[in-house]
Amino acid sequence: MEKKKRTSTLEKLDRQIAYLGNVDFDAAKFSSVRLLTTVVLMLLLYYFTEISYFVIPFLAIAYYYFLYYVVILLPMKRRCEKLEREALSFFEVLTLSLESGRNLEKSLEITVSNFSSELSDEFKRALVEAKYGKSLVEALKDMKKRIPSETINNIILSITEASLFGSSLVDNMYSQIDFLRDKQMLSIREKINQIPNKISVISVLLMVPLMLLLILGPLVVEYLG
């Protein structure tokens, strides 16, 4: 049971690492390094600091999960945001290529040749895989395993389903583009709405010390004098 649980954890970690794109480590390597550095950190804290022995294990656990956040979750989130920023222009060009009467594979080849981005690189990889034994649909399904964005994966799913069932791919793509555009607008509005809060926090951090200095400064000078 324990071995099965560990295997499941490593498989989940491998899926998340695949979302990072081209990295030079896998789940087993990351887990080994994380465990080793956690043990080393505990030993260093035990022998070279005066921190309580009861606190050190909690610090080690915090480091253990913080490393997972910094190395896996945070880069995965950033890559997701980057791919979604690239998606709108990429799929707009793809739709125009499809609208001109070309098939999906030819349209993808034209689109990736006009873009230099991570999303374009992923589609290039799928096209290469399609030339070396896989069908284009299979290559696109495998591509979804490397894309952390649910939005982009839904578009890939729509493309593969339209190819399989013969539905209108162009109409489908236009609806997906509208969704991407609306999502980007909502994201921009959300960031704009957060600006006053950020300014308020910065103002408080800057103004409070200044006000205290103005109020208490003369008193301190008078006291010292």
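Quick notes on this structure:
Every residue, every condition in (1) at pLDDT below 90; (2) more than 18 Å from Arg146 (Cα to Cα), yes or no:
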residue: Ser8; (1), (2): yes, yes
residue: Asp14; (1), (2): no, no
residue: Asn22; (1), (2): yes, no
residue: Ser31; (1), (2): no, yes
residue: Leu43; (1), (2): no, yes
residue: Ala62; (1), (2): no, yes
residue: Leu67; (1), (2): no, yes
residue: Leu74; (1), (2): no, no
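- Within region 34-59, restricting attention to residues that are of a type outside the set (Phe, Trp, Tyr) and outside any helix (DSSP H, G or I), the residue that is most open to solvent (accessible area, probe 1.4 Å) is Glu50.
- In region 175-188, the residues that are charged (D, E, K, R) form Cβ pairs under 7 Å with partners that are surrounded by 10 or more Cβ atoms within 10 Å (Cβ to Cβ), at six or more places apart or across chains, as follows: Arg181/Leu88; Lys183/Thr151.
- Any hit, region 3-16, residues being at positive phi and in contact (Cβ under 8 Å) with a residue 60 or more places away in the chain: no
- Residue count for region 46-60, restricted to those that are at pLDDT 90 or above and β-branched (Val, Ile, Thr): 2.
- Number of the condition not met by Ala162 [criteria: (1) surrounded by 12 or more Cβ atoms within 10 Å (Cβ to Cβ); (2) under 24 Å from the mean Cα position of the chain (by Cα); (3) in a helix (DSSP H, G or I)]: (2)
- Residue check, Tyr68 surrounded by 11 or more Cβ atoms within 10 Å (Cβ to Cβ), among the hydroxyl-bearing types (Ser, Thr, Tyr), assigned to a helix (DSSP H, G or I) and without any contact (Cβ under 8 Å) to a residue 40 or more places away in the chain: yes
- A single entry from Glu129, Glu122, Glu81 fulfils the requirement of being under 23 Å from the mean Cα position of the chain (by Cα) and either buried (at least 16 other Cβ atoms within 10 Å of the Cβ) or touching a residue at least 24 places away in the same chain (Cβ under 8 Å) (or both): Glu122.
- The number of residues in region 86-97 that are open to solvent by 20 Å² or more (accessible area, probe 1.4 Å) and over 15 Å from Lys124 (Cβ atoms) comes to 4.
- Flag: Ala27 does not match the condition of being surrounded by 11 or more Cβ atoms within 10 Å (Cβ to Cβ) and in contact (Cβ under 8 Å) with a residue 40 or more places away in the chain.
The values are calculated or read from the model by the stated rules, or taken from the named source; none is laboratory data. These numbers come from a predicted model, not from an experiment. Here Cβ is always computed from backbone atoms with ideal geometry, including for glycine, and neighbour counts include all displayed protein chains. These accessible areas exclude ligands, DNA and RNA; they are computed on the full protein's heavy atoms, side chains included. Shrake-Rupley method; radii C 1.70, N 1.55, O 1.52, S 1.80 Å.
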